[in-house]
Each structure stands twice: as structure tokens, then as C-alpha cells.
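The values are calculated or read from the model by the stated rules, or taken from the named source; none is laboratory data. Everything numeric here is computed off the predicted structure, so don't read it as measured data. Neighbour counts run over all protein chains shown; Cβ positions are idealised from the backbone, glycine included. Please note that ligands, DNA and RNA were not included when accessible areas were found on the heavy atoms of the full protein model with its side chains. Shrake-Rupley method; radii C 1.70, N 1.55, O 1.52, S 1.80 Å.
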Amino acid sequence: MKSKRLTDDDMVKDIINTMFIIAGHDVSYEDIKDRKDQWYYEWTMTPEQEEKWMEWMVAYFRKHRKLTVRYAKTSASMYNLMWGLKVNRPELEQENE
């Protein structure tokens, strides 16, 4: 028996929920789904958390969409650009002072 293919909406929910879990925030897709503002600036993640999330997304795309590594990385980058949380980069803040 074949498993049901995830819809794009299901994937967005999984990806955003996993992002919040990895970043350590008690927020879910349901909390932000109807917001029209720039909600992704309200919470932050570290560069290490961002890297972990990106790696998770690549594996997720490879499993559920059967993408090559190259296309999975490109897709993960696009999701990060569209919905990724702001990344704290203290080294850049120090340079600007």
C-alpha cells in the first residue's frame, strides 16, 4: 500500500513547526498561519539552529519529494528566505559598532 503524498500545505506546516522546535520557541504554524505581518522577525534562531533546520529540510525534501541533494538544498534555501526566522549574528553586530 502506497503512502499518501504530502500536500504542499502539509509540508509548509511540518517545516515551520520543525523550525520553531529547533529554534526552541513554543510557537506553531497554527499560531502564525493567519498573520499578514512579518511574524518571522518576532523570534530568532542561532546560526547553528539555522544550519540544523536547513539540514533537516534537505533530508525532508529528499524523502517526501525525491529531490536530488542540489534541488533539496535550493528548496530549503527558498523556504528559509520566505519563512525563516531572523538569525542572531552577534559577530556582525560587533563590526557595525
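Summary of computed values
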read-out	value
Residue within region 14-36 that is of a type in the set (Phe, Trp, Tyr) and over 23 Å from residue 88 (Cβ atoms) present	no
Subset of region 17-43 [touching a Leu at 6+ places or on another chain (Cβ under 9 Å) and open to solvent by 70 Å² or more (accessible area, probe 1.4 Å)]	41, 42
Hits in region 76-95 - residues which are in a helix (DSSP H, G or I) and modelled with pLDDT of 90 or more	76, 77, 78, 79, 80, 81, 82, 83
Test: residue in region 5-16 that is under 14 Å from residue 86 (Cα atoms), buried (at least 16 other Cβ atoms within 10 Å of the Cβ) and out of contact with any strand residue (DSSP E or B) (no Cβ under 7 Å at 6 or more places or on another chain)	yes
Residue pairs meeting the criteria (Cβ under 6 Å; at least 6 apart or on separate chains; first farther than 16 Å from residue 76 by Cβ, in region 39-53; second open to solvent by 50 Å² or more (accessible area, probe 1.4 Å) and assigned to a strand (DSSP E or B))	41/86; 44/86
